[in-house]
Amino acid sequence: MQYIPDLGAPRIWEEEQVLGCVEVSQAGGDPAVRTVYQMEVDLQDGAGRAMPLACKGVKVVLSEAEDAALAAGGAGEADVPVGFLPALQEAVSWVAVARRFRLVHGEEALGRCFPVVFGWDVLQPAPRTYEFVMYMEWMDNGTVFDYLKNIMTAPALPEGDMYEMVLDAMRQMVNLVDSANKAGLCFGDLKAQNMLVDAEGNFKLSDVDGVSHSYLSDLSAAHTAANAAAAAAAASCTDAVSARIAGKAAASLVWSARSLLPAPVEPYMATDIYSPPEFWVGWAREALVSGEAAGRAYEWDMMQLREEAVEQPCWPGAVMLLDSLKSECATRDAALEWLQLQGMNGGRSYMCGASHTYLVGATISHLLRAVETELSARPGAAYVQQLAFVSELKDVMVGLMTEEPASRPSLQQLRRRLAEMRGDWCYWG
């Protein structure tokens with residue numbers, strides 16, 4: 001499809017090759033329905049081999065005029081009917097993310113950190129109804145959320161193995177976030193439900209729609225500064241091991257500083273219960289501006305905002321923002337000025353690399369609360385120990401959820417804390 005350069009060739013499976021197709025999940029509505037299927041296809045390679053695939057489809061319904069325009073064809077953006085564009089949105093995002101990740105980290109790292117894409121197709125299940133599908137690597141162990149929950153609640157899994165597997169999972173999550181940050185990619189909807197696990201237990205990022213890309217010039221300058229800092233720190237050491245440690249620490253400081261810079265695009269795809277305070281700046285400012293125009297009292301608007309934020313499911317990031325707003329600002333004018341300073345480009349919501357840190361803390365602490373509830377209902381001393389482990393890890397995750405991005409632990413600090421837990425909880429030999 002020439003409208004999306006670098007998408008690659010289509011992959012058309014003949015009807016006799018499709019051995020099975022099961023719907024796994026569905027979301028969305030007007031203007032597009034997103035469905036994930038599990039397919040099994042016959043490779044027809046003479047060896048009788050079959051391969052499982054994830055098929056991600058986005059379905060749209062076109063008007064008669066749009067249907068005729070699509071049938072007429074065309075290569076450019078102007079030739080694609082407006083009604084068909086939502087079907088292409090995730091594919092466009094995927095190509096952009098893959099191009100950036102490949103540029104920074106290389107082809108091998110792209111395959112290690114994202115599911116492999118095998119091709120795409122456009123299906124027409126009904127008149128004027130089209131489904132753009134991407135065929136991707138099937139991830140046998142599902143989402144990170146379900147994978148971790150199963151590990152931590154499996155009755156037959158030895159304690160030591162559970163601790164080891166969970167902490168290895170956290171290490172993988174931190175590494176994925178680090179790789180995204182260093183590629184200048186900001187995932188507004190980063191969460192355990194949007195990370196997948198293959199048959200070997202390797203984690204990969206998915207759902208790239210809504211990712212913001214930093215400017216290449218800024219990213220290049222950050223890599224240059226990090227490399228220079230690492231080289232200077234290493235040069236002051238007398239042995240290779242110390243040089244490597246000092247170099248990593250120096251580069252980490254550069255990346256930690258860069259993680260506070262707002263991404264060029266504000267968050268537009270996020271999960272409210274996990275969203276950090278910086279995602280809510282525009283929401284609060286818009287409500288206060290509209291309240292002033294309607295002649296409402298500042299105190300009334302603040303009360304309404306808080307009621308909305310604490311309704312179930314609660315939005316902790318919004319509550320944090322409102323609590324600070326209330327303590328810092330006695331008047332609407334002061335609040336609007338404060339929000340303008342907090343936000344991007346005059347009070348808009350923003351996301352940054354440090355937003356990833358909060359999002360990891362929010363999604364994993366949510367998971368750990370569910371695990372605590374399940375383990376608490378089980379009798380036995382073994383579950384008391386497991387609960388202690390879960391509680392300690394939850395404290396670490398909650399510690400990532402601070403209001404100010406600058407106050408959140410760096411990824412290097414998080415790695416050290418997880419390494420301490422590994423030393424305390426994992427059994428060797």
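The table below lists the values:
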item	result
DSSP H segments from the chain that extend 24 Å or more along their own axis, Cα-based, with Kyte-Doolittle mean of -1.0 or above	85-105, 159-182, 216-235, 240-258, 353-376, 381-398
Proximal lysine pairs, the chain, alpha carbons under 17 Å, eight or more residues apart or interchain	7
Per-residue [θ]222 nm for the chain (sum of -39500 (n - 2.57) over DSSP H runs n ≥ 4, rounded to 500)	-16500 deg cm²/dmol
Translational diffusion of the chain, µm² s⁻¹ [Kirkwood Rh, Cα pairs; Stokes-Einstein; 10 °C; 1.306 mPa s]	66
Percent RCO, i.e. relative contact order, over the chain, from Cα pairs under 8 Å lying at least 6 residues apart	13
Test item: Cα-centred dipole of the chain, Lys/Arg +1 and Asp/Glu -1 on Cβ, debye	1340
Segment Ala294-Glu308, length gained on full extension (0.36 nm per residue, minus Cα span)	3.2 nm
The stretch 333-386: C-alpha gyration tensor shape, a/c 1.5 cut-off, then a/b vs b/c	prolate
Net length gained if the chain between Ala225 and Asp140 were fully extended (0.36 nm per residue, minus Cα distance)	26.6 nm
For Val384, Val177, order by how many other beta-carbon atoms lie within 10 Å, fewest first	Val384, Val177
Cβ-Cβ FRET estimate between Ala232 and His105, R0 fixed at 25 Å, reported to 0.05	0.60
Relative exposure of Trp94, Trp255, judged by other C-beta atoms within 10 Å (fewest first)	Trp255, Trp94
FRET E, pair Ala47, Gln89, Förster distance 30 Å, beta-carbon r, rounded to 0.05	0.20
Max mean-square fluctuation residue, GNM over the chain, Cα-Cα springs under 10 Å, options Ala293, Ala50, Ala382	Ala293
Relative contact order (%) - criterion: Cα under 8 Å, at least six apart; region: the stretch 1-116	21
Highest-fluctuation residue, Pro277, Pro115, Pro158 considered, GNM on the chain with Cα pairs under 10 Å	Pro158
Sorted by Cβ density within 10 Å, fewest first, the residues Tyr383, Tyr268	Tyr268, Tyr383
Most mobile of Lys59, Lys191, Lys204 in a GNM of the chain (Cα contacts under 10 Å)	Lys59
Overall dimensions of the stretch 133-283 by Cα: Rg and Dmax, Å	18.6, 56
For the stretch 15-137, radius of gyration divided by Kirkwood radius, i.e. Rg to Rh on alpha-carbons	1.01
For the stretch 217-258, convex hull of alpha carbons as volume per residue, Å³	43
Projected label distance in nm at Ala72 and Asp239, using a 7 Å step from Cα toward the beta-carbon	7.4
Contour excess over end-to-end distance, with Cα ends at Ala419 and Val36 and 0.36 nm allotted per residue	134.3 nm
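FYI, it's all coordinate maths here, none of it is from the lab. These numbers were taken from a predicted model, which means no experiment stands behind them. Note that each Cβ is placed from the backbone with ideal geometry, even for glycine, and that neighbours are counted across all protein chains shown.
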